[in-house]
Amino acid sequence: MSDPAGPTSINQWQQFELALVKYAKAKDWNKVEKVNELMMMALTVQGKPKTKQQLLARQSLAQTHQQVIAMATAEKESLNKEMKQFQATKDGISAYKLTSLCGELYDN
């Protein structure tokens, strides 16, 4: 006996995969978050996979999900590094300006 919801749910998991990859590549993290929320709700509603095909589709989705998490983590680390560099440059410029102003005061 085949599971009538099987093909629909397999297609659903593939759509989640495609959306996660699409939005992660575009660095649209708000949409990644929304897709993730919808995916979690769908997983909760569907419960355990009932067929081998559903299991394989979910395993593929889980792999893609982990890849997207890794992409988001890498992006976060890159932004943190960039912000630290910006702050260091900003502090350096501020110190230079202060030193420069003090030098002008003492030169006069």
So, first residue over 12 Å from VAL21 (Cα atoms) in the range 53-65, second residue not in a helix (DSSP H, G or I), Cβ within less than 6 Å, six or more apart or across chains; the pairs are LEU55/PRO49; ARG58/PRO49
Checked the range 25-70 for anything open to solvent by 100 Å² or more (accessible area, probe 1.4 Å) and in contact with a Gly (Cβ under 8 Å, 6 or more places away or on another chain); matches are LYS50, GLN53
Given (1) more than 15 Å from PHE16 (Cα to Cα); (2) out of contact with any Asp or Glu (no Cβ under 6 Å at 6 or more places or on another chain), LYS31 misses just (1)
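One line per residue, one yes/no per condition, for (1) out of contact with any strand residue (DSSP E or B) (no Cβ under 9 Å at 6 or more places or on another chain); (2) modelled with pLDDT of 95 or more; (3) within 19 Å of ILE10 (Cβ to Cβ):
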position: ASN30; (1), (2), (3): yes, yes, no
position: THR44; (1), (2), (3): yes, no, yes
position: SER60; (1), (2), (3): yes, yes, yes
position: THR64; (1), (2), (3): yes, yes, yes
position: GLN67; (1), (2), (3): yes, yes, no
Contact list, first residue from the range 11-37 and closer than 13 Å to HIS65 by Cβ, second anywhere and of a type in the set (Ser, Thr, Tyr) and assigned to a helix (DSSP H, G or I), beta-carbon distance below 6 Å, six or more apart or interchain, is GLU17/THR64; LEU20/THR64; VAL32/TYR23
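The values are calculated or read from the model by the stated rules, or taken from the named source; none is laboratory data. Since we're looking at a predicted model, the values are computed, not measured. Using ideal geometry, Cβ is built from the backbone for each residue, glycine included, and neighbour counts are taken over all protein chains shown. Please note that ligands, DNA and RNA were not included when accessible areas were found on the heavy atoms of the full protein model with its side chains. Shrake-Rupley method; radii C 1.70, N 1.55, O 1.52, S 1.80 Å.
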